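**Student:** Before anything else, here's the structure in question.
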Amino acid sequence: MNRFPENFLWGGATAANQCEGAWLEDGKGISTVDVIPYGEDRMPVNRGQLKMLECDDNHTYPAHEAIDMYHHYKEDIALFAEMGFKVYRFSILWTRILPNGDDEKPNEKGLAFYRSLIDECKKHNIEPLVTINHFDTPIALIKKYGGWKDKRMIDAFVHLCEILFDNFGDSVKYWLTFNEINMLLHMPFMGAGILYEEGENKDQVNYTAAHHELLASAKAVKMAHEMMPNSMVGCMLAAGQYYPYSCHPNDVWDALNSDRDNYFFIDVQARGEYPVWALKQMEHKGVKLNITEDDKKILKEGTVDFISFSYYCSRCTSADPEIQKNNSRGNAVFKAVVNPYLKASEWGWQIDPLGLRVTANTIYDRYQKPLFVVENGLGAVDKVEEDDSIHDSYRIEYLREHLKALRDTINIDGIPVLGYTSWGCIDLVSASTGEMKKRYGFIYVNKDDAGNGDLSRKKKDSFYWYQNVIKTNGESL
Ligand code: BGP
């Protein structure tokens, strides 16, 4: 009862846009994240409310250097191997492979970088888990097409996938199409390169872009199965169950609808068709989607093999305007009220280990496909002691409780879970705030929010704790 399944994939996760840096090196083009600044303008840009397609001198851009993993990946993967990682989840930057997003021929230096990164994983017997698109739209395609609201993005994405499958299909079995695909509704620029024109119906834009991403994802899944018959391709949901604030039916109804907004995407990716309520909801919102017979066929033929998701916290919702005033700061992008039963992280994300089990059960009940927890973790401020040690007992506590809940999900509820990759296994730039001080890693990176620091890596207490968790296959948490 206390062990995880044999061959459980233990590991960690990062995203290129938050760790690689080297933003102009070796022929790379500019991506959304390169123009998303640090500071108070970050959220308005992420949300598509403030248009910024170029860098300027009044802002700093954390992704330009990030933790410079582009030059440190061998050292970093060796540290992951020392912890015993069986899997490493990372993403591929579209603009390293296709600098303009739709170039006919790939950038050989970009391919060589990822080839080397994958080889490094293999050398240490670490299975690569590749996210094809993690908050990354080429700026050139936003200028050309307006991002994912244009149907031509589908072909550009499928072309990228073909190059990736062709080059890396021999070594990569596990693929994810879009990271947190539902983030499109909450951070449209960061999630899907969406900018709104004056007077545009935002719902129309969002759901059109969503339709294009869903088609692109389905086409990628089908192509992956054809080109790499042993591959496993998953979708990826920013998960976290909505709880009704009270048992008032209005609160229950509100929670159900809030969940549906997010499950909408996975409903299509897992079942291959739009849920009836979504079609009706769009109709009520005046959204007109041109779903052709051909589109329906594509969605049906491109359903995913497994469901991956991120889980940081559960969310709570109320229909009562008074309660709604007590807005949760947690994961600023999702609408939620404070749950009085839960503590919160320094960033206001409410901590709820049992919520992971609730969420995993709900997802499995809905889709009956294997699950993969590909993000979970605690963003916290760490202190380096004089002897260079870092005592992050709060992080160990968070992870331990979540892993216990996951173990119960597997052993008591019987739900198939392929693996667990904790988020930001090495400190990296925060997606929502652009900070370095919001750290998730087992490995500390010496860099602060102003960009000072020599980027050296140090092991935190959680490094040794996680090493032992993997060694005992979760028996000792
Ligand atoms: C998810 C993203 C990640 C990551 C994580 C933590 O939404 O997929 O990219 O950043 O959240 O969020 P943050 O960095 O804002 O603390």
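The values are calculated or read from the model by the stated rules, or taken from the named source; none is laboratory data. As the structure is a prediction and not an experimental result, all values here were calculated from the model. In this analysis, Cβ positions are derived from the backbone assuming ideal geometry, glycine residues included, and neighbour counts consider all displayed protein chains.
**Student:** Against the definition (under 29 Å from Val233 (Cβ atoms), within 16 Å of the ligand (Cβ to nearest atom) and either among the aromatic types (Phe, Trp, Tyr) or free of Cβ contacts under 8 Å to residues at least 40 places away in the same chain (or both)), how does Tyr88 come out, yes or no?
**Tutor:** Working: under 29 Å from Val233 (Cβ atoms): yes; within 16 Å of the ligand (Cβ to nearest atom): yes; either among the aromatic types (Phe, Trp, Tyr) or free of Cβ contacts under 8 Å to residues at least 40 places away in the same chain (or both): yes.
Considered against the rule, which asks whether it is under 29 Å from Val233 (Cβ atoms), within 16 Å of the ligand (Cβ to nearest atom) and either among the aromatic types (Phe, Trp, Tyr) or free of Cβ contacts under 8 Å to residues at least 40 places away in the same chain (or both), Tyr88 comes out as yes.
**Student:** List pairs: first residue in region 1-25 and part of a strand (DSSP E or B), second residue among the β-branched types (Val, Ile, Thr) anywhere in the structure, Cβ distance under 6 angstrom, at least six positions apart or on different chains.
**Tutor:** Once the first residue is part of a strand (DSSP E or B) and sits in region 1-25, its partners that are among the β-branched types (Val, Ile, Thr) give Leu9/Val87; Trp10/Ile470; Gly11/Val87; Gly11/Thr421; Gly12/Thr421; Ala13/Val374; Ala13/Thr421.
**Student:** Name every residue in region 1-26 that is closer than 18 Å to Thr137 by Cβ and away from the ligand (no atom under 16 Å from the Cβ), in order of residue number.
**Tutor:** Trp23, Leu24
**Student:** Oh, and also: Going through Ala380, Ala360, Ala344, Ala405 one at a time, which residue ends up being surrounded by fewer than 22 Cβ atoms within 10 Å (Cβ to Cβ) and more than 16 Å from the ligand (Cβ to nearest atom)? Let's see the steps before the verdict.
**Tutor:** On the way: Ala380 fails: more than 16 Å from the ligand (Cβ to nearest atom); Ala360 fails: surrounded by fewer than 22 Cβ atoms within 10 Å (Cβ to Cβ); Ala344 fails: more than 16 Å from the ligand (Cβ to nearest atom).
It is Ala405.
**Student:** Output the helices (runs of 4 or more DSSP H) that fall wholly within region 255-365 and possess 2 or more residues being basic (Lys, Arg), or say none.
**Tutor:** Working: elements: 276-284, 293-301, 321-324.
By residue number, 293-301.
**Student:** Just one of the numbered conditions (1) among the aromatic types (Phe, Trp, Tyr); (2) assigned to a helix (DSSP H, G or I); (3) crowded, with 24+ Cβ neighbours inside 10 Å is not true of Phe135; which one?
**Tutor:** (2)
**Student:** Also, quick follow-up: Among the candidates Ser318, Ser328, which residue alone is surrounded by fewer than 23 Cβ atoms within 10 Å (Cβ to Cβ), in contact with a Phe, Trp or Tyr (Cβ under 6 Å, 6 or more places away or on another chain) and more than 30 Å from Asn230 (Cβ to Cβ)?
**Tutor:** Working: Ser328 fails: in contact with a Phe, Trp or Tyr (Cβ under 6 Å, 6 or more places away or on another chain).
Every option except Ser318 fails the conditions.
**Student:** When region 226-251 is examined, which residues are found to be over 20 Å from Val374 (Cα atoms) and buried (at least 17 other Cβ atoms within 10 Å of the Cβ)?
**Tutor:** Met228, Tyr243, Pro244, Tyr245, Asp251
**Student:** Could you tell me which numbered condition Arg366 fails, if it satisfies all but one of (1) buried (at least 21 other Cβ atoms within 10 Å of the Cβ); (2) within 30 Å of Asn250 (Cα to Cα); (3) modelled with pLDDT of 95 or more?
**Tutor:** Condition (1) is where Arg366 drops out.
**Student:** Would you confirm whether any residue within region 392-399 is in a helix (DSSP H, G or I), more than 19 Å from the chain's Cα centre (by Cα), within 16 Å of the ligand (Cβ to nearest atom) and under 27 Å from Pro128 (Cα atoms)?
**Tutor:** So in region 392-399, the residues in a helix (DSSP H, G or I) come out as 393-399.
Within this subset, residues satisfying the condition of being more than 19 Å from the chain's Cα centre (by Cα) are 393-398.
Now narrow it down to the ones that are within 16 Å of the ligand (Cβ to nearest atom): 394-395, 398.
From what is left, the residues that are under 27 Å from Pro128 (Cα atoms) are 395, 398.
Yes, because at least one residue in region 392-399 is in a helix (DSSP H, G or I), more than 19 Å from the chain's Cα centre (by Cα), within 16 Å of the ligand (Cβ to nearest atom) and under 27 Å from Pro128 (Cα atoms).
**Student:** Here are Ser432, Ser422: which of them is within 16 Å of the ligand (Cβ to nearest atom) and either farther than 21 Å from Ala16 by Cβ or modelled with pLDDT under 95 (or both)? Full working, then the answer.
**Tutor:** Values: Ser422 fails: either farther than 21 Å from Ala16 by Cβ or modelled with pLDDT under 95 (or both).
Only one candidate qualifies: Ser432.
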